[in-house]
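Below is one structure, written out as structure tokens, with a few remarks after it.
We did not get these values from a lab; they are worked out from the coordinates using the rules stated. Quantities reported herein were computed from a predicted structural model and do not represent experimental measurements. Glycine also receives a Cβ, built like all others from the backbone with ideal geometry; neighbour counts cover every protein chain displayed.
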Amino acid sequence: MENYFKKMIRNVPDFPKKGIMFRDITTLIEDKESFRKSADALYEFSKKMKIDKVVGIDSRGFIFGGILANKLDTGFVLIRKPGKLPAETLSQSYMLEYGEDTLEIHKNSINPGDKVLLHDDLLATGGTARAACDLIEKAGGIVVQVSFIIELTFLGGKNKFKDYIVNSLVSYDSE
């Protein structure tokens with residue numbers, strides 16, 4: 001299946017800057033067959049895990065995160081950039097290549113002990129998803145799985161998730 005999904009993902013050279021090969025999932029989700037197959041494949045990773053909540057990272061993590069929550073019969077929780085959530089939030093800062101960023105979650109969106117599946121579209125260096133895991137745990141949740149559409153293995157992001165089950169539909173070993 002990995003080769004099927006790779007064929008459905010558009011490669012955009014030199015985006016957002018020269019030397020970067022952008023892996024664009026919009027072509028995967030625009031096609032109804034590959035969209036369904038990818039959602040089904042992600043569900044297969046977690047269907048036996050007794051998940052209480054699915055958490056998606058803004059914004060592409062919302063696409064499959066919501067579908068997974070529906071398929072797993074759970075609630076869906078948003079993690080967003082600061083100032084985007086209307087009620088009281090918890091926040092987690094993390095380092096970027098050039099500076100710092102912050103993620104937020106509604107304070108009462110996760111109950112203590114909730115078993116959580118975190119989903120995002122892409123695992124690169126792992127900074128954003130690692131911060132999201134820390135934020136979920138700060139809220140009292142237990143991260144039991146982290147899933148992605150794409151993993152860029154050459155960037156080593158998976159090393160930040162040694163205590164978690166990590167799954168992705170496709171992996172790329174180079175730009």
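Structure notes:
- So R130, is it in contact with a Lys or Arg (Cβ under 6 Å, 6 or more places away or on another chain) and closer than 28 Å to M8 by Cβ: yes
- The stretch 37-59, residues that are free of Cβ contacts under 8 Å to residues at least 24 places away in the same chain and acidic (D, E): D40, E44
- Among residues of the stretch 14-26, those that are within 17 Å of E151 (Cα to Cα) and either surrounded by fewer than 18 Cβ atoms within 10 Å (Cβ to Cβ) or in contact with a helix residue (DSSP H, G or I) (Cβ under 8 Å, 6 or more places away or on another chain) (or both), counted: 6
- Pair list, Cβ < 9 Å and 6+ apart or interchain, from the stretch 60-72 residues that are among the small types (G, A, S) to residues that are assigned to a helix (DSSP H, G or I) and crowded, with 18+ Cβ neighbours inside 10 Å: G61/A129; G61/A132
- In the stretch 44-96, the residues that are exposed (fewer than 15 other Cβ atoms within 10 Å of the Cβ), among the hydrophobic types (A, V, I, L, M, F, W, C) and under 18 Å from H119 (Cβ atoms): M49
- Residue list for the stretch 1-13, restricted to those being in contact (Cβ under 8 Å) with a residue 60 or more places away in the chain and either in contact with a Leu (Cβ under 8 Å, 6 or more places away or on another chain) or loosely packed, with under 15 Cβ neighbours inside 10 Å (or both): M1, E2, F5, I9
- Candidates are the residues of the stretch 117-175 that are over 19 Å from I20 (Cα atoms) and of a type in the set (S, T, Y); the one that is surrounded by the fewest Cβ atoms within 10 Å (Cβ to Cβ) is Y164.
- Of all residues in the stretch 1-54 being in contact with a strand residue (DSSP E or B) (Cβ under 9 Å, 6 or more places away or on another chain) and polar (S, T, N, Q), the one that is farthest from L68 (Cα to Cα): N11
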